[in-house]
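Heads up: the structure comes next, in C-alpha cells.
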Amino acid sequence: MPDPSPTDIPANLRRRPELWMVLLFLVSLAALGFFLLAGEVVEGDTAAFDEAILLALRTPGDLSDPIGSHWVEEMARDMTALGGLAWLTSLTIGVAGYLALSRHTRTMWFLLIAIGSGTLISRSAKMLFERARPDLVPHGSYVYTASFPSGHTMLSAVTYLTLAVMLSRLEPRRVIKVYIMTCAILLTGLVGVSRVYLGVHWPTDVIAGWTAGAGWAVLCLLVAQWMQRRGQIEPAEDAKD
C-alpha cells in the first residue's frame, strides 16, 4: 500500500503537529496520575480526604440520609444508572450500528475494540487493588465488586469519551464537535459525582476512574489518527466553522 499523501492527514494536525505531543503528554499525565493516586490509596494516605467528602454529603446526625431532598437522591440514582454496564453496552451497540449503516465499518470495529478493552482494564484494576467499599454510610445503590477504581465512572469515561471522540471525527462542523465532547464530559462527571453521593464509592475511586477513562479515550484518539494515516480506518472530517 502506498504511503498516504499529506492530504490524508487531518488538517489540524498538518498545521499544528505539536498537537501530537500535547495528546501524548496528556496520556502520560493521566497514567502517572492514576498510579500515583493508586499508591496513595494503597498506603491509606487518602483516608482523611475520602471520609471528609463522604460525611459532608450526609445530613448531620443521620448518616443514612444524603443531603438534599428525596428527589435529589432519586436523581442521583438516575444519573448512576447512566454508568451501568447494561446501558453503556446498549449505547455502544447502537452507535456501532450507526457506524455500520454509515459505511464506516472499520471505525465501528475500532470503537468496539477500544471500549471493550477499556472495560477489561477497569475490571482487571478492581481485582488488582481489591479496595473495600465505603463503610461509613449506608449504600444508596446495590454493589458487588471492589471499590477502586470506580467501575461506573471509568466505564462512563471510556465509553462516553471514546464515543464522542470517534463520532466527532466524522462531523465536519466545529460547533457540533464541541457539543458532542461537552455532553460526554458532563455525563461522565455526573455519573462519578452520583457514586460518591450515594455512598458506594470513595471520592478517590471516582477521581481514579475519571483519570484512567479520560486517558484511555485520548489514547484511542491517537491510535485512531495513526491508523487513519495508514489507511486502516476511515478518514476524519476536517473541522469547519
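Compute for segment 30-117: radius of gyration divided by Kirkwood radius, i.e. Rg/Rh, restricted to C-alpha atoms, rounded to two decimals. Don't jump to the answer; show the numbers that get you there.
Values: Rg = 19.8 Å, Rh = 17.0 Å.
Result for segment 30-117 is an Rg/Rh of 1.17.
Give me the number: length gained by fully extending LEU55 to GLU130, i.e. 0.36 nm times residue separation minus the C-alpha to C-alpha distance, one decimal in nm. Intermediate results must be reported in sequence, preceding the final value.
Values: separation 75, 0.36 × 75 = 27.00 nm, distance 2.27 nm.
Full-extension gain reported as 24.7 nm.
Using a cutoff of 8 angstrom between alpha carbon atoms and counting only pairs six or more residues apart, the relative contact order for the chain works out to 31 percent.
Taking Cβ atoms as reference points and 13 Å as the exclusive limit, the residues near VAL137 contribute a net charge of -3, counting Lys and Arg as +1 and Asp and Glu as -1.
The mean sequence separation of alpha-carbon pairs under 8 Å and at least six residues apart, normalised by the residue count of segment 45-125, gives a relative contact order of 12 percent.
Dimensions of the chain along the principal axes, based on C-alpha atoms and rounded to the nearest Å, stand at 68, 36, 31, largest first. Computed from Cα atoms, the angle from the helix 105-129 axis to the main principal axis of the chain rounds to 30 degrees.
The residue list TRP202, TYR144, LEU167 was ranked by how far each Cα lies along the charge dipole of the chain toward its positive end, using unit charges on Cβ atoms, and LEU167 comes out on top. Segment GLU43..THR89, full-extension length gain: 13.1 nm, with 0.36 nm per residue of separation and the alpha-carbon distance subtracted.
Enter the accessible area per residue of the chain (Å², integer; probe 1.4 Å; all protein chains in place). Don't skip to the answer; put the middle values down first.
Details: 12830 Å² over 241 residues.
For the chain, the solvent-accessible area averages 53 Å² per residue.
By the compact-protein rule of thumb, 2.2 N^0.38 Å, the alpha-carbon radius of gyration of segment 128-241 corresponds to a ratio of 1.27.
Pairs of Cα atoms under 8 Å, at least six residues apart: use those to get the relative contact order of segment 128-241, whole percent. The partial results should precede the final answer.
Working: 146 pairs, mean separation 43.5, N = 114.
That works out to 38 percent.
Between GLU73 and ILE176, what is the FRET efficiency for a Förster distance of 30 Å, r being their Cβ-Cβ separation, to the nearest 0.05?
0.30
Might you report the magnitude of the Cβ-based charge dipole of segment 39-183 about its Cα centre, with Lys and Arg at +1 and Asp and Glu at -1, to the nearest 20 debye?
Values: 12 positive and 13 negative charges, 243 e Å.
About 1160 debye.
The values are calculated or read from the model by the stated rules, or taken from the named source; none is laboratory data. Everything numeric here is computed off the predicted structure, so don't read it as measured data. Please note: Cβ atoms are built from the backbone with ideal geometry, for glycine as well, and neighbour counts cover all protein chains shown. For accessibility, only protein heavy atoms count, side chains too; no ligands or nucleic acids. Shrake-Rupley method; radii C 1.70, N 1.55, O 1.52, S 1.80 Å.
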